[in-house]
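What follows draws every value from the coordinates through simple rules; no lab data is involved. What you are looking at is a predicted structure, and each value in this text was computed from that prediction instead of being measured. Here the Cβ is made from the backbone with ideal geometry for all residues, glycine too, and neighbour counts use every protein chain on show.
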Amino acid sequence: MKQKVTLIVAILAGLLAAVLTRTYLASKDAELERMKREFRERHGVIEVLCYAEDVPGGTKLEMKHLGTRKVPASGLRGQALSKQNADEIIGRKIISGHNNGELVFWSDIEGGNPTGNGLATDIRKKMRAVSINATGAAAVSGMVKPNDHVDVIGTFSFPKPGDGDKQVQELVTCTMLQNVLVLATGKDTAKTTSAYNFGGSNYSTVTLEVTPREAEMLVFCEQIKGRLALTLRNRNDTSYEKELPQVDFEKIRSEIEELNMKRQMEIGGAR
């Protein structure tokens, strides 16, 4: 009898834990949706060109290949093509294949934007271009390309008090910048690349479009021998994580199980 009671209590405790976990994750998802809604209301939306069907690489664009979508303006204004650009790309080849609904960028078009002259014309007002050292794994195996959007992650070694008067070095990783436009990889920009050399891995620097304050941070990080890495975004993803914590060994130890559980639930929900 005692064993049955213990088993029932264990089952109920497990069900309660599952319900509480589900409720917690649902509240977080609701909070994320609220943040997205506020973000769209604050920054507005723009209507841009998208692919109206799956289009293979090398295709000469026709009007039937193009449609429009309304998207958040932040991070895409001045980058994604508008309806007014349609006449400029009709009859031109795209470099690689794209799926129905994906946004159209100048980086898709062989030869890029013909009206620009040099990198300076690609930089939006009040923004700056800064290059960081990024090659191999730090540049997603060299697959980061001009007009991609990335997040910038930094890893640094900070001194902290140890035993007695000694100081020890502590490694800390944090996401510094989110949804940053890539202006160039090495010396290649969207205007200078073609279907034959676009997205090559033979570069050691990536040039980003950032604000003056962000440029200062990136330069300082490299001066103190911090290691910078890029994470590549889906071309249609303009999301923003409001609170991303610093990561150290203790953070990994304490949260890795929760992170894996949430990821599995999100993957299951997306199927």
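Can you list the HN-Hα couplings for the stretch 257-265, worked out from phi with the Karplus curve (6.51, -1.76, 1.60; θ = phi - 60°), rounded to whole Hz and with x for Gly and Pro?
5, 5, 5, 5, 5, 5, 5, 5, 5
For the pair Ala86 and Thr21, how long in nm is the line joining their label points, each one 7 Å along Cα→Cβ?
Simple spin-label model gives 4.9 nm for this pair.
May I ask you to derive the FRET efficiency for Leu32 and Lys60 from their Cβ-Cβ distance with R0 = 45 Å, giving the value to the nearest 0.05?
Once the sixth-power term is evaluated, E becomes 0.65.
Between Ile46 and Ser96, what is the spin-label point distance in nm, taking each point 7 Å from the Cα along the Cα→C-beta axis?
With each label placed 7 Å out from Cα toward Cβ, I get 2.3 nm.
Could you line up Cys174, Cys50 from fewest to most neighbouring Cβ atoms inside 10 Å? Spell out each step's value before the answer.
On the way: Cys174 14, Cys50 21.
By the 10 Å Cβ count, ascending, the order reads Cys174, Cys50.
Which three numbers, in whole Å and largest first, are the semi-axes of the equivalent ellipsoid of the stretch 126-271 derived from its Cα gyration tensor as √(5λ)?
Over the Cα atoms of the stretch 126-271, the semi-axes work out to 29, 23, 14 Å.
Of the listed peptides 221-232, 21-32, what is their order by residue-averaged count of other C-beta atoms within 10 Å, with the highest listed first?
Numbers: 221-232: 15.1, 21-32: 11.9.
So the peptides 221-232, 21-32, ranked by packing, come out 221-232, 21-32.
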